Amino acid sequence: MSGVVLVYSLFGSAEQARAVARTLVEERLAACANILGPCTSIYEWQGKVEEGAEVPVLFKTSADRRDALMARIAQLRDYDVPPILALPVDAAHPPFAAWVAEQLA
């Protein structure tokens, strides 16, 4: 294992994604965040199929900060059930993994 963890979440706007990403990097819960292009999400909510635009973000963090990062994203979100997933990273380029660890120290 690389020690690096990716945390994926969706936001209702680019502005919200940017504000949350900046906060989490400043708080050293994430080494960095990649705000991706808008996407269309289709899901069932409260008995009906919904469709809406969302902004995905990938956060890079460490295994020991994963749970705190996920909890903080949930705090900063405006969704009733915030979509937050942690994805294990089987391998990372060693200098990048070292940089992530350094940013979170």
Kindly indicate whether VAL100 is open to solvent by less than 80 Å² (accessible area, probe 1.4 Å), over 19 Å from ALA19 (Cα atoms) and in contact with a strand residue (DSSP E or B) (Cβ under 6 Å, 6 or more places away or on another chain). yes
Being hydrophobic (A, V, I, L, M, F, W, C), open to solvent by less than 90 Å² (accessible area, probe 1.4 Å) and either in contact (Cβ under 8 Å) with a residue 60 or more places away in the chain or within 14 Å of PHE59 (Cα to Cα) (or both) is the filter here; which residues of the range 72-96 pass it? ILE73, ALA74, ILE84, ALA86, LEU87, VAL89, ALA91, ALA92, PHE96
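Has the range 67-84 got any residue that is of a type in the set (S, T, N, Q), under 23 Å from TRP99 (Cα atoms) and under 13 Å from the mean Cα position of the chain (by Cα)?
Among the residues of the range 67-84, not one is of a type in the set (S, T, N, Q), under 23 Å from TRP99 (Cα atoms) and under 13 Å from the mean Cα position of the chain (by Cα), which makes the answer no.
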Filtering the range 69-105 down to residues that are in contact with an Asp or Glu (Cβ under 9 Å, 6 or more places away or on another chain) and of a type in the set (Gly, Ala, Ser) yields ALA86
Residue selected from the range 10-39 under the condition of a type in the set (S, T, N, Q) and more than 11 Å from PRO56 (Cβ to Cβ), by the criterion modelled with the highest pLDDT: THR23
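The values are calculated or read from the model by the stated rules, or taken from the named source; none is laboratory data. Here the structure is a predicted model, which is why all the values come from computation and not from measurement. Counting neighbours? That spans all protein chains shown, and the Cβs are built from the backbone with ideal geometry, glycine included. Just the protein is used for accessible areas: all its heavy atoms, side chains included, with ligands, DNA and RNA removed. Shrake-Rupley method; radii C 1.70, N 1.55, O 1.52, S 1.80 Å.
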